[in-house]
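*Asks:* Before I ask anything, let me first share the structure, which is written out below as structure tokens.
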Amino acid sequence: METVARMARKLTPILQSSDDSHEDQAAQTHNDASKRCYSESDVDVDHHGLTYHTNSGSSSNSSLSTRSLESPSNSLETVTGGGVKSDSVNNSTSAPQWDSDAEAEPDPPDWTKNVPEDVLRSLSPREKKRQEVINELFHTERSHVRGLKVLDQIFYQPMKEAAVLPQDQIQLLFSNLEEMLVYHSGFNNCMKAKRRETPVVGDIGDLLLDMFDGAEGENFQKAAAVFCSRQQIALEALKERRRKDPKLNSFLTDAEGNPMCRRLQLKDIIPTGMLRLTKYPLLFENLAKYTRMERSEEEMRMVLRALERSKEILNYVNQAVREAEDQHRLADIQRKLDKTSFDKADHPMVAEFKSLDLTKHRLIHEGVLNWRIGGNRQKVIELHVVLLEDMIILLQRQDEKFVLKFHNTNSGGYLSPVIKVSHVLVRHNAVDKKALYLVNTSHNNAQIYDLVASSSSERKTDKQFLNDRLAERGLVTPVLKISGVYCRT
């Protein structure tokens, strides 16, 4: 059988066309394997329009649920550009065409109904459990494809045509949606082909590895990371813009009112890609549980490999999301950074950090600490501490600004708000359990910062946790967690 990606590419003209001649041409050019995955019966496009008989409801009270995101509606609904609903649609290039995936039932179908009774009786309890897992896997993949098509045809394409958002913001929201639709549609159609082979599904390890392993698996992993990494950032920006833009709000309200959305808002539907990635390891783990002793060793090996790769892909995408959010946070701090006082100071570090750009660094953590300055600890300054991979930035919040400035000492010197991680030592305060001393050794005379957390528990060091953290961050010395901020010891 051909790989999912190759077959998915062959599927693209079928998904994009509602013309019978296109389907005939595709059927002639596909080989036997792709015919099995993408026969005309898989597409089932109604060229004379689709109708719906469900009542749409307000989207204002929508909520996110796994079932609602992964369960298709019971009937086909008709949509036109911009989410406007109508009772019927004639042949029109402006109306999206829905295939048979939109007709799936909300819950997985009963797989036993198509199995002859004598065959069903011959199956072991473990094999029956295995068939249930496969049935759920196949059904939820079909449901996921439906959700991606809703995103594409009710939101993405109409929003591009109506130009209700700048192109860069539309791209931020939907990214490589069309690419993900091709991947998952190919996977879904290969599952359909496997189901048609026999009522009791045989080995599926090769099908899973075509999607998740090898070069195609690497490509899917990268595509999934692109699709998911900036979605939450985009949704936050959309929420703010929607509040200020009546035209955009009206457009989205109409689209979200379409029955195909099942009372979900765009903010609820967008995360389906990430939710699907979290489900694969769970499904594959159950599949492996019931494959053991029921199928061949080779099938078991392939299922376990698919499980391993699904976890790797999920971890990869999670890391991409974290890095994107960290970069977005640094960009936000950079925009609000006030260096006026810092740049005016007579200090050698001013020239070194004259063009400080936080976005050129990697964020590890940020949090709040109190800084005690002066004799007898008379002065306390609340700091917003930003720990980067190579430096610690001590900022002060003033309204919407993050102020970077030096602080005078009793001896007439300055305490720098920028400390290189390579020159930092951390010492516990034996008197105050909530405090610690941060020592900057980059100067001839070491500078000591008396920092205080909100509680003693926040100052405690868990060495195992720290070692794990070091491995993740590539640091070479232990770090100390205090009020959400990590400093080297």
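*Asks:* Quick one: VAL380 ticks every box in (1) part of a strand (DSSP E or B); (2) surrounded by 16 or more Cβ atoms within 10 Å (Cβ to Cβ); (3) not acidic (Asp, Glu) except a single one, so which number is it?
*Replies:* Only one criterion in (1) part of a strand (DSSP E or B); (2) surrounded by 16 or more Cβ atoms within 10 Å (Cβ to Cβ); (3) not acidic (Asp, Glu) is unmet by VAL380, namely (2).
*Asks:* Taking the options ALA351, ALA324, ALA331, ALA320, name whichever one is open to solvent by less than 20 Å² (accessible area, probe 1.4 Å) and out of contact with any strand residue (DSSP E or B) (no Cβ under 7 Å at 6 or more places or on another chain).
*Replies:* ALA324
*Asks:* Hey, GLN231 hits all of (1) at pLDDT below 95; (2) farther than 22 Å from LYS311 by Cβ; (3) under 17 Å from the mean Cα position of the chain (by Cα) but one; which does it fall short on?
*Replies:* Result: GLN231 fails condition (2) only.
*Asks:* Hey, another quick one. Restricting attention to region 435-466, and to residues there that are at pLDDT 55 or above and of a type in the set (Val, Ile, Thr), which single residue is farthest from GLY413 (Cα to Cα)?
*Replies:* The residue in question is VAL452.
*Asks:* Which residues, counting only those in region 111-122, are modelled with pLDDT under 90 and of a type in the set (Asp, Glu)?
*Replies:* None; the set is empty.
*Asks:* Checking the condition over 27 Å from ALA324 (Cα atoms), modelled with pLDDT under 90 and open to solvent by 30 Å² or more (accessible area, probe 1.4 Å), which residue from PRO108, PRO125 passes?
*Replies:* Going through PRO108, PRO125 in turn, the sole match is PRO108.
*Asks:* Tell me, please, whether a residue that is over 15 Å from LEU277 (Cα atoms), open to solvent by 20 Å² or more (accessible area, probe 1.4 Å) and polar (S, T, N, Q) can be found in region 187-209.
*Replies:* Yes.
*Asks:* Looking at VAL403, VAL418, which one is under 22 Å from SER442 (Cα atoms), in contact (Cβ under 8 Å) with a residue 60 or more places away in the chain, touching a strand residue (DSSP E or B) at 6+ places or on another chain (Cβ under 8 Å) and not aromatic (Phe, Trp, Tyr)?
*Replies:* VAL418
*Asks:* Further, regarding this structure: When the residues of region 262-306 are narrowed to those that are over 17 Å from VAL145 (Cβ atoms) and not in a helix (DSSP H, G or I), which ends up least open to solvent (accessible area, probe 1.4 Å)?
*Replies:* GLN265
*Asks:* What's the number of the condition ASP390 fails, among (1) surrounded by 13 or more Cβ atoms within 10 Å (Cβ to Cβ); (2) in contact with a helix residue (DSSP H, G or I) (Cβ under 7 Å, 6 or more places away or on another chain)?
*Replies:* Exception for ASP390: condition (1).
The values are calculated or read from the model by the stated rules, or taken from the named source; none is laboratory data. Note that the structure is predicted; figures quoted are calculated from it, not measured. Using ideal geometry, Cβ is built from the backbone for each residue, glycine included, and neighbour counts are taken over all protein chains shown. Heavy atoms of the whole protein, side chains included, go into the accessibility calculation; ligands, DNA and RNA do not. Shrake-Rupley method; radii C 1.70, N 1.55, O 1.52, S 1.80 Å.
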